[in-house]
Amino acid sequence: MQFAKRLAPLQSNVFADMDQAKARARAAGRDLIDLSLGSSDLPAAEHVIEAIAASLSDQSTHGYLLFHGTQAFRQAAATWYEKKFGIAVDPETEVLPLVGSQEGTAHLPLAVLNPGDFALLLDPGYPSHAGGVYLASGQIYPMPLLAENNFLPIFADIPGPVLAQSRMMVLSYPHNPTAAIAPLSFFQEAVAFCQQHNLVLVHDFPYADLVFDGTALPSVLQADPDKSVSIEFFTLSKSYNMGGFRIGYAIGNAKLIRALRQVKAAVDFNQYRGILNGAIAALTGPQESIQVTVETFQQRRDAFVTALNRIGWQVPMPTATMYVWAKLPERWSQNSMEFCTQMVEATGVAASPGAGFGKSGEGYVRFALVHEPAILKTAVDRIAQYLEAH
Ligand SMILES: Cc1ncc(COP(=O)(O)O)c(C=O)c1O
C-alpha cells in the first residue's frame, strides 16, 4: 500500500515516544504523576452540563446541523467577543463554529496555501499548526522563539525569498509551551507586517482567560479592528474546562471565515447541537467558574515554581497558561527527550520534552499543572531525587 508523501513529516512524534515511556513506567509499577498533557482536570460548570443533558432528550437536536442551525451559537460568540474585547463582530459572516480550535487551525492551511507555499510558524509551537501545513502540502518556516526576546519572533529575521513565497503567519499568545505573553504593540507590529507582505495573520488564542495576577491580554483584532488580514481562534477547552466536548470558534476576516467554512463543509457537519447549547450556556451564563479555574491554576503555579526553585531549579514565574517552561540543566541541554523518558521511567513523573514543540524547544521541558498542589510538590520531590542521582 502506498501513502501520500505529506504524511511523512507527521510520522516523527515525540509524544508517541513519551506515551510508550509512560506505559513502561506503569508496567514497572511506578505511580504515575502525568504533567505531560495540557488537559484540564477541572470539571465543566453545572449549568453547562444541564444544558447539554436537556438537549440529549430533545429529538430535534439529533440530526445533522447545517450552518443556519448554528446561528444561536454564532450570536453568543459574537456577543461574548464584543463584550470582552470591545469590537463589533457580525455573527453571520465573521464567526465560524469549530470542532475545537485545533480542528480550525489545522484545516485553515487547506484554504490558504497552495502546495509549496510557506507558513511562518512559532518555534517552539503547538504541533497541530505544523500538522495542518503539512496536510496542505505547504512548507514551514520556523520563527525561533528565544528567551532573550521574551519568546517573541523577530519578523525582520525572516529571509526575503521565504517571505515572497509565504501566505500565512501563525501566532499564539499566551503561548504554549513557553507561557510567554504578547503586548498589543507586538500584535500591531504583526498586523502591519502581514498587511505589507500580503500574509494571512492567524492568532490561536486558547488561553485568553488563563492569565494570572489580574493581567488582561489583547486580542489580535484589537490591532486589526477592520479585520483586514486577521483570523482568531477560540476554544471552550480551557476557560470552561470543556476540552473533551470539542467546541471552539473562529472570529475574523469574513473572506477567511468563508474560505474555512468551505473546507469544513467538505469535511464535517458541525458539532452536535447539544454541545453548542452547552457552549451557549457557558458563554452567556455566569462567568464565576472562570475565576475559580484561574485561581486554581495560579495556586498550582505558585506551589510548583516555588518548589522547583527551592530544589535549585530556577524557572521564571509564568503570567499565563497552565504550563511551566523550564530550561534543563546543562547535562540535558541537547536532549530533552532523554531527560523526559528516563525521568518518567525512574520516578513516574511525566513531562513533555521541549524538542517535541520544535527545534528551538530543545533544552527545555514543559510541565502541565494538571494536578493539585500537594501532588505537584510530590512530583518536585521525585524530580529532586532524580536530579541528585544524575
Ligand atoms: C495553542 C493551542 N491551540 C489549540 C489547542 C487545542 O484546543 P482545542 O481543545 O480547542 O482543540 C491547544 C490545547 O492545548 C493549544 O495549546
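The values are calculated or read from the model by the stated rules, or taken from the named source; none is laboratory data. The model shown is predicted, which means the values in this text are computed figures rather than measured ones. So basically every Cβ, Gly included, is an ideal-geometry build from the backbone, and we count neighbours across all protein chains shown. These accessible areas exclude ligands, DNA and RNA; they are computed on the full protein's heavy atoms, side chains included. Shrake-Rupley method; radii C 1.70, N 1.55, O 1.52, S 1.80 Å.
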Fill in: Residues being more than 23 Å from the chain's Cα centre (by Cα) and of a type in the set (Asp, Glu) - total across segment 1-48
2
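A quick yes/no check of all residues on (1) in contact (Cβ under 8 Å) with a residue 40 or more places away in the chain; (2) out of contact with any Phe, Trp or Tyr (no Cβ under 9 Å at 6 or more places or on another chain); (3) assigned by TED's automatic domain parsing to the domain that holds Thr79; (4) open to solvent by 50 Å² or more (accessible area, probe 1.4 Å):
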| residue | (1), (2), (3), (4) |
| --- | --- |
| Phe304 | yes, no, no, no |
| Tyr323 | yes, no, no, no |
| Ser336 | no, no, no, no |
| Thr378 | yes, yes, no, yes |
Worksheet item: Mind checking which residues of segment 170-190 are away from the ligand (no atom under 15 Å from the Cβ) and surrounded by 22 or more Cβ atoms within 10 Å (Cβ to Cβ)?
Response: Phe187, Ala190
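Does Lys227 meet the test of being surrounded by 19 or more Cβ atoms within 10 Å (Cβ to Cβ) and touching a strand residue (DSSP E or B) at 6+ places or on another chain (Cβ under 7 Å)? Before the answer, list the steps.
On the way: surrounded by 19 or more Cβ atoms within 10 Å (Cβ to Cβ): yes; touching a strand residue (DSSP E or B) at 6+ places or on another chain (Cβ under 7 Å): yes.
Against the criterion (surrounded by 19 or more Cβ atoms within 10 Å (Cβ to Cβ) and touching a strand residue (DSSP E or B) at 6+ places or on another chain (Cβ under 7 Å)), Lys227 qualifies.
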Worksheet item: Can you tell me which of Ala76, Ala27, Ala51 is outside the structural domain of Asn253 (by TED's automatic domain parsing) and among the hydrophobic types (A, V, I, L, M, F, W, C)?
Response: Ala27
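Taking Gly248, is it at positive phi and surrounded by 24 or more Cβ atoms within 10 Å (Cβ to Cβ)?
Taking the combined requirement at face value, the residue does not satisfy it.
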Worksheet item: In this structure, is Ser219 under 16 Å from Ser101 (Cα atoms) and touching a His at 6+ places or on another chain (Cβ under 9 Å)?
Response: yes
Response to the item:
Among (1) outside the structural domain of Gly363 (by TED's automatic domain parsing); (2) within 15 Å of the ligand (Cβ to nearest atom); (3) open to solvent by 30 Å² or more (accessible area, probe 1.4 Å), Ala106 falls short only on (3)
Worksheet, complete the sentence: Scanning segment 55-87 residue by residue, the ones that are part of a helix (DSSP H, G or I) and either within 17 Å of Gly278 (Cβ to Cβ) or aliphatic (A, V, I, L, M) (or both) total 16
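Between Leu152, Leu113, which is of a type in the set (A, V, I, L, M), more than 16 Å from the ligand (Cβ to nearest atom), under 24 Å from Gly361 (Cβ atoms) and not assigned by TED's automatic domain parsing to the domain that holds Ala320?
Numbers: Leu152 fails: more than 16 Å from the ligand (Cβ to nearest atom).
The conditions single out Leu113.
Pick from Ala156, Ala164: which is within 18 Å of Val112 (Cα to Cα), free of Cβ contacts under 8 Å to residues at least 12 places away in the same chain and open to solvent by 10 Å² or more (accessible area, probe 1.4 Å)?
Numbers: Ala156 fails: within 18 Å of Val112 (Cα to Cα).
Of Ala156, Ala164, the one residue that is within 18 Å of Val112 (Cα to Cα), free of Cβ contacts under 8 Å to residues at least 12 places away in the same chain and open to solvent by 10 Å² or more (accessible area, probe 1.4 Å) is Ala164.
On the given criteria, is Phe15 open to solvent by less than 70 Å² (accessible area, probe 1.4 Å), in contact (Cβ under 8 Å) with a residue 24 or more places away in the chain and over 20 Å from Leu236 (Cα atoms)?
On the way: open to solvent by less than 70 Å² (accessible area, probe 1.4 Å): yes; in contact (Cβ under 8 Å) with a residue 24 or more places away in the chain: yes; over 20 Å from Leu236 (Cα atoms): yes.
Spelling it out, Phe15 is indeed open to solvent by less than 70 Å² (accessible area, probe 1.4 Å), in contact (Cβ under 8 Å) with a residue 24 or more places away in the chain and over 20 Å from Leu236 (Cα atoms).
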Item to complete: Scan segment 338-376 for residues that are part of a helix (DSSP H, G or I), under 18 Å from Gly38 (Cα atoms) and open to solvent by less than 10 Å² (accessible area, probe 1.4 Å) and jot them down.
Response: Cys340, Val344, Gly354, Gly361, Leu376
Worksheet item: Identify, please: which residue in segment 26-75 is among the charged types (D, E, K, R) and open to solvent by 30 Å² or more (accessible area, probe 1.4 Å) and is, among those, farthest from Ala320 (Cα to Cα)?
Response: Asp58
Worksheet item: Within segment 213-225, is even one residue small (Gly, Ala, Ser) and touching a residue at least 60 places away in the same chain (Cβ under 8 Å)?
Response: yes
